[in-house]
Every structure is written in C-alpha cells, then in structure tokens.
Ligand code: AMP
Ligand code: GLY
C-alpha cells in the first residue's frame, strides 16, 4: 500500500511513522513534510503546499496512492477531501461541509444544540457593540471566540469584562465577521479523538494537552507544549458516557444534516469537578501534540483502522487494541515561541536522544545543505512510553536534555499532575 500524508507537523511525522510500521504499507509520501519525514525510512517528501488541492490530487493520481490521510484543518476546510473523492481517491478526513465543525464555531454550536449535547451557554454576534453589551450583562470570567480558523489564536479566556470587550474589538479589527461569546467553564480538560466511518465511533485513548507556554499552565496559549495518554481523568466509565452522550448524538446530528463524516471527530472536553463532561470545541482532525503521545500505544495497525473508516466498516475491526503503559510527549520549542522566533538554527543529537528508547517526532524542522535546522516555533515532539507515567517522564526528559539547538525551550512539568494518580 502507498499512503500520502498531507501536512508538515509533528502530527504528520507521527502518522507517517506509525503507518510505516504496518506490514501492508510499503511507501509513504508526505506533502510537504519536514526534516523528520525526509529522513524517515520508507518516506519521501514532496514539496506541495497543503492548500494546493490540484497539486495534491495530481500527486495522488500520479503516484497511484491507495490512501490519503489529511493532517491539518486548513485543507479539510478548503474541500481537499471533496476534490479527492471526485477523483475516486480514497481519503481519510471529512468533507468541506463536515470540516465546518472546526472551521466555524457558530456552526458547531448550532450542531451541538441540535444534538442536545452538554456545552457552555453561548451567543453569536456580528457586531461589536451587541457583543460588548452582552459581555457586560454576563460579567467575567467569560470566553470570546473568533468564528473561523485562527491557528489556535482565536480564543480569549477573559478574566475581566474590559479584557473581553477589548478582545471583541481586536477580533473584528483583525477581519473576523462573526464571533461567539461563551460561558466560562471550570474543570480539567481532556481530548478525546474519536475515529468514525460516519456510522460507528472508535475513540482513541484519551489524552491531555498542555496549551500554555509556561509551567503550571501559565502564560500565553500555544499550539500545545506537550501531552500525555491515557489521561486518567477520563476513566473507562467516563469514556462510555462521552461516547454515548456526546460523540454519538453529534454524529447522528451530522447524519441528519446529510453529512457522511469519515475521519477524526476530536472532542475537546472540560470535565467539571463533579465529573460532568461538557464539550468545549470540536476539531475535524487528529490533535497535535496528542497524536504523538497516543499513537505509540496503538496496537491495531493504523492503516487498517483508517481504511476501515474510509470504507465504512469500522464496526468490523472493533475493539481497538492498545499496549499497556503510559506515554508522554514533550515539545521542544524555539526561544520566543509563541511570539517571534528565529529559524534555521542547527539541531544536534537526535540520535542520542533516540538511543534512550524515546522517539523524536519533528514538527518545525527542515533539512538544508548544512543539515537539520529549526523551521518553526514547535521544533520537536519527544515521546517516551513507560510502564508508569513516572517512568515515561524520567525517560522523556532524559531524551529532551540530549537534543541540542540554540534557544531550546520546553516545559519541565508535562504529565507531572497525573503522577499524583499513581502515588
Ligand atoms: P478551543 O479552541 O475552543 O478549545 O479553546 C482553546 C482553549 O481555551 C481551550 O482548550 C480551553 O483551555 C479554553 N477554553 C475554551 N472555551 C472555554 C470555556 N468555555 N471555558 C473555559 N475555558 C475555555
Ligand atoms: N492540541 C490541540 C489541537 O490539536 O487543536
């Protein structure tokens, strides 16, 4: 089987790495890929942008690709899947209509209402003044969300009415034409990435992301500074409730709208202190860096799983098989991220880090004439699996410390919270 993975982040490196472990997968192409996929055995990068629907379609036809796996939300929201399907190419990911579940917060909120799933109370606005008076009537803390893809920067959790009102002005000035104002929820977050063929749901192990740049969950939001799986807060009982009360009704609501959703339905959930799950957001793709933490634990061959979703026979390969143990992914970022940062800095000793037994997924790297260099804010996602989270943590930080590039920054507390569960 030949597979083509669209994207260039840590998630795509992890997908290509896992797919190539399947006996059926002989070759993988990554578009455009990064320094990690360029050096992965069996994998080849092709320099085509993720937004280039024609280029990707042509490549899939030219190379006789058996399965396309789309990583990021942008090509999904641009209708890449629709284009590939028109050309009879098998593809894992929802169509443009289905991708609205992530691309439009107001669309997703309306769908959640139709599905009757628990979520924060919210209202949609197209004018700043109306949004600001609503905020004043509700008080703070309160959450303001841009209605459109914003690369993780469209959500402002405001601690005061003034902060929320300033965020409303900023988002409209930045060109968003719609935003939603949402009730602030307290609790612990968990990411449940459910694979679906439009009929059946198969949840991957629950994971927890660490979105803030600073230790102890402080400072600016980022794309994600690390993750661990399985997240103990999502007990098997809670996972059953999430599937029954949230994921299945959402899939049903999609079907009622005539949307045949095949791909990842990623639920970002807040679990309240009394254990009640509420949905914060849906994404239409694999999470990054959750995927890097989850996939090393998956035992069911990934190609079979994704193909079963595409061919609408997921029920046949139930239940998914998992390795025992715990996994932690720590992101090594460029100094300055999530603000401005330099690119092109030499990276050394990935081999030493991997000799510890850890796996190093590349996120923002590229190979140039001088070797491997940084090429993004999140540079590497280093993953280790252990029998316990403590073991995984010891191993992962040993590996993190071996990798070198100027300005390397990582949080030292990824997964620390859960170690308390093991005491
Ligand atoms: P989203 O992109 O909607 O997941 O929002 C990004 C982050 O903002 C989430 O991971 C939460 O940490 C936070 N957030 C979003 N919505 C809420 C909410 N209603 N209450 C509290 N925090 C929220
Ligand atoms: N880790 C958050 C996301 O993938 O959106």
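The values are calculated or read from the model by the stated rules, or taken from the named source; none is laboratory data. All values derive from a computational prediction rather than experimental measurement. Counting neighbours? That spans all protein chains shown, and the Cβs are built from the backbone with ideal geometry, glycine included.
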- Query: Which of the residues that make up region 84-99 are without any contact (Cβ under 8 Å) to a residue 40 or more places away in the chain and either within 23 Å of the chain's Cα centre (by Cα) or assigned to a loop (DSSP other than H, G, I, E, B) (or both)?
  - Reply: 84, 87, 88, 89, 96
- Could you list, in sequence order, all residues of region 157-195 that are away from ligand 2 (no atom under 16 Å from the Cβ) and either closer than 23 Å to residue 207 by Cα or assigned to a loop (DSSP other than H, G, I, E, B) (or both)? 159, 160, 174, 175, 176, 177, 178, 184, 185, 186, 187
- Note on the structure: Within region 157-180, residues within 11 Å of ligand 1 (Cβ to nearest atom), within 23 Å of the chain's Cα centre (by Cα) and surrounded by 20 or more Cβ atoms within 10 Å (Cβ to Cβ) come out as 180
- Task: Output yes when any residue across region 68-77 is under 26 Å from the mean Cα position of the chain (by Cα), in a loop (DSSP other than H, G, I, E, B), buried (at least 21 other Cβ atoms within 10 Å of the Cβ) and away from ligand 1 (no atom under 15 Å from the Cβ), and no when none is.
- Result: yes
- Which condition breaks for residue 228 when tested against (1) within 16 Å of ligand 2 (Cβ to nearest atom); (2) out of contact with any helix residue (DSSP H, G or I) (no Cβ under 6 Å at 6 or more places or on another chain)? (2)
- Task: From 344, 325, grab the single residue that is surrounded by fewer than 24 Cβ atoms within 10 Å (Cβ to Cβ) and either within 16 Å of ligand 1 (Cβ to nearest atom) or closer than 28 Å to residue 388 by Cα (or both).
- Result: 325
- Query: Considering only strands (runs of 3 or more DSSP E) fully contained in region 2-50, which possess at least 2 residues that are within 22 Å of residue 297 (Cα to Cα) and in contact with a helix residue (DSSP H, G or I) (Cβ under 7 Å, 6 or more places away or on another chain)?
  - Reply: 2-7
- Item | The listed residue being away from ligand 1 (no atom under 16 Å from the Cβ) and under 20 Å from the mean Cα position of the chain (by Cα), out of 292, 316, 312 | 292
- Among the helices (runs of 4 or more DSSP H) lying completely within region 272-389, list those that include at least 3 residues that are within 16 Å of ligand 2 (Cβ to nearest atom) and within 29 Å of residue 148 (Cβ to Cβ). 290-294
- Message: So the check is Cβ under 6 Å with 6+ separation or different chains; which pairs have a first residue in region 278-295 that's within 17 Å of residue 201 (Cβ to Cβ) and a second one that's modelled with pLDDT under 95 and within 13 Å of ligand 1 (Cβ to nearest atom)?
- Response: none
- Checklist (1) under 22 Å from residue 224 (Cα atoms); (2) assigned to a strand (DSSP E or B); (3) more than 16 Å from the chain's Cα centre (by Cα) applied to residue 123, failing item: (1)
